[in-house]
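A.B. asks: One structure coming up, written as structure tokens, with questions to follow.
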């Protein structure tokens, strides 16, 4: 269905550029306004550059174990400046790809900062100087987010970094305290500890990665601890002070005050929606504690204005923003597309990787389900053994009454790729029987999903008889 509408998208991140392309596919005349580089946080200073570093670290760690897989490797080291150059090269190539996709779909890109002057017009302060007013029938706000920096005494001094700065250190620090044991903090702990940095993680919640499966999060913590990462959970940072030996982080843990001194401090306690300068209050767009309030069609309280991505304060993930962008564009074109967060996979690119979708065992029980759980350790998986990467497990959570899959959680190699099967199972409201009767290729790590589904009913083939 062609809509022939003038549509302005504010923000060129993974939500904004996808929304712009989908709106153009549906016949819209689309202008995208971006104040910095196309691709947003994810592509430039988030998902992509982080994974470039993690990929190199993965190979580096494999080389450390080369003798175990029949390789003789005499000498190897990480060339930090070369790694930084590769990171920038990958980012620039993908930014160029986004630019090409927008061009091929007829999307006009304007570089500047947008501010609403009415519900159907924005004023753009152009990056090259000057101003331009752009009118549109509909707007999609995709303004993104910024790192949240808590009000800790001393947090603004030199040496205290957010994830953005941590991607571009001049050299590998000798030591680091990471405030926050969520996805970002744990990934950086894996990167820098592998490079010889002494890493301490201080997390306020009782477990690291609080939104993920408790059992697997505990297993990941143990793996990282074996690699030298020190963890304090249930701890609250009170101050950061400058000392001759570095930055002293003081925190309370189990009723005691503890201090740890490090060369660098990374603050990774999450992100907050960014709407600064949009002038939303002038046009009456409803916000709640900084986030733009939207319905499941991604529409705000203003009929012709939609919002997507991190600025809505929903699940702050690039793949969520992209899907929200599709939903918004399709609804502008007259469709009835709805956003469903129940099947959103969460991924952590540590070694081993961790991923989950749907309800954890604890969440399912709290919601009142009569739960049954299947577990399959990767030490019993042929492909994992071949790869020399057997740390981890696949865990399937199901409802006893209807045998429906409620959640899939994976710790192990390629977990972030394998989780898509779990997401599809939840999207289709699949039962355990439907996973079991799907033939899984051999030898693959994915067979562990089949085995864990079998284990739900205690009939896993490649495990000792379960009782």
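A.B. asks: Please report the relative contact order for the stretch 346-456, taking Cα pairs under 8 Å with a sequence separation of at least 6, and give it as a percent rounded to a whole number.
C.D. replies: Numbers: 236 pairs, mean separation 36.2, N = 111.
Relative contact order of the stretch 346-456: 33 percent.
A.B. asks: Further, regarding this structure: Can you sort 205, 463 by how many other beta carbons sit within 10 Å, fewest first?
C.D. replies: Final ranking by Cβ density, sparse to dense: 205, 463.
A.B. asks: Name the residues of the stretch 362-402 whose amide N is less than 14 Å from a point 7 angstrom out from the Cα of residue 458 along the C-beta direction?
C.D. replies: 372-375
A.B. asks: Figure the gain on full extension for residue 243 and residue 402 (residue separation times 0.36 nm, minus the Cα-Cα span) and round it to one decimal in nm.
C.D. replies: Numbers: separation 159, 0.36 × 159 = 57.24 nm, distance 6.01 nm.
Computed gain between residue 243 and residue 402 is 51.2 nm.
A.B. asks: Separate question: For 127, 452, what ranking results if the residue with the fewest other Cβ atoms within 10 Å of its Cβ goes first?
C.D. replies: Details: 127 13, 452 26.
Starting with the residue having the fewest Cβ neighbours, the order is 127, 452.
A.B. asks: In whole percent, what relative contact order does the chain give with Cα contacts below 8 Å and a gap of six or more residues?
C.D. replies: Numbers: 1019 pairs, mean separation 66.7, N = 467.
Relative contact order of the chain: 14 percent.
A.B. asks: Quick one: compute the contact order of the stretch 80-208, relative version, from alpha carbon pairs under 8 angstrom and 6+ residues apart, as a percent.
C.D. replies: Relative contact order, the stretch 80-208: 15 percent.
A.B. asks: For the stretch 315-406, what class follows from the C-alpha gyration tensor (a ≥ b ≥ c being the square roots of its eigenvalues): rounded when a/c is under 1.5, otherwise prolate if a/b is larger than b/c, else oblate?
C.D. replies: Since a/c reaches 1.5 but b/c is at least a/b, the shape of the stretch 315-406 is classed as oblate.
A.B. asks: Based on the Cβ-Cβ distance of residue 230 and residue 367, what FRET efficiency does E = 1/(1 + (r/R0)^6) give at R0 = 35 Å, to the nearest 0.05?
C.D. replies: For residue 230 and residue 367, the calculated efficiency is 0.50.
A.B. asks: Using the number of other C-beta atoms within 10 angstrom as an exposure proxy, rank 213, 295 with the fewest first. Numbers along the way, then the final one.
C.D. replies: Numbers: 213 28, 295 12.
With the fewest neighbours first, 213, 295 line up as 295, 213.
A.B. asks: What distance in nm separates the simple spin-label points at residue 82 and residue 66, each placed 7 Å from Cα in the Cβ direction?
C.D. replies: Spacing of the two 7 Å Cα→Cβ label points: 1.3 nm.
A.B. asks: In nm, to one decimal, how far is the modelled label at residue 133 from the one at residue 433, with both set 7 Å along Cα→Cβ?
C.D. replies: 6.5
A.B. asks: With r defined as the distance between the Cβ atoms of residue 75 and residue 417 and R0 fixed at 35 Å, what FRET efficiency is calculated, to the nearest 0.05? Write out the running numbers ahead of the final one.
C.D. replies: On the way: r = 32 Å, r/R0 = 0.91.
Step by step, r from the Cβ atoms, then E = 0.65.
A.B. asks: Next up: How far is it, in nm, from the label point at residue 465 to the one at residue 442 when both lie 7 Å from their Cα along the line to the Cβ?
C.D. replies: 2.1
A.B. asks: Report the FRET efficiency, 1/(1 + (r/R0)^6), for residue 303 and residue 104, where r is their Cβ-Cβ distance and R0 is 30 Å, rounded to 0.05. Numbers along the way, then the final one.
C.D. replies: Working: r = 31 Å, r/R0 = 1.03.
Efficiency computed from Cβ-Cβ geometry: 0.45.
A.B. asks: Per-residue ellipticity at 222 nm for the chain, helices alone: DSSP H runs ≥ 4 residues times -39500 (n - 2.57), over residue total, nearest 500 deg cm²/dmol?
C.D. replies: Only helices count here, giving -9500 deg cm²/dmol.
A.B. asks: Sticking with this one: Where both residues lie in the chain, what percent of DSSP beta bridges are antiparallel, nearest 5?
C.D. replies: 65
A.B. asks: Follow-up question, since we're still on this one. Within the stretch 122-207, what percent of beta bridges assigned by DSSP are antiparallel, to the nearest 5?
C.D. replies: Roughly 45 percent of the beta bridges in the stretch 122-207 run antiparallel, per DSSP.
A.B. asks: Rounded, prolate or oblate: which one fits the chain, using the alpha carbon gyration tensor with axes a ≥ b ≥ c (rounded when a/c is under 1.5, else prolate when a/b beats b/c, else oblate)?
C.D. replies: Oblate, since a/c reaches 1.5 and b/c is not below a/b.
Rule-based calculations on the coordinates, nothing more; no lab input. Not measured: the values here are computed from a predicted model. As a convention, Cβ positions derive from the backbone with ideal geometry for all residues, glycine included, and neighbour counts pool all protein chains shown.
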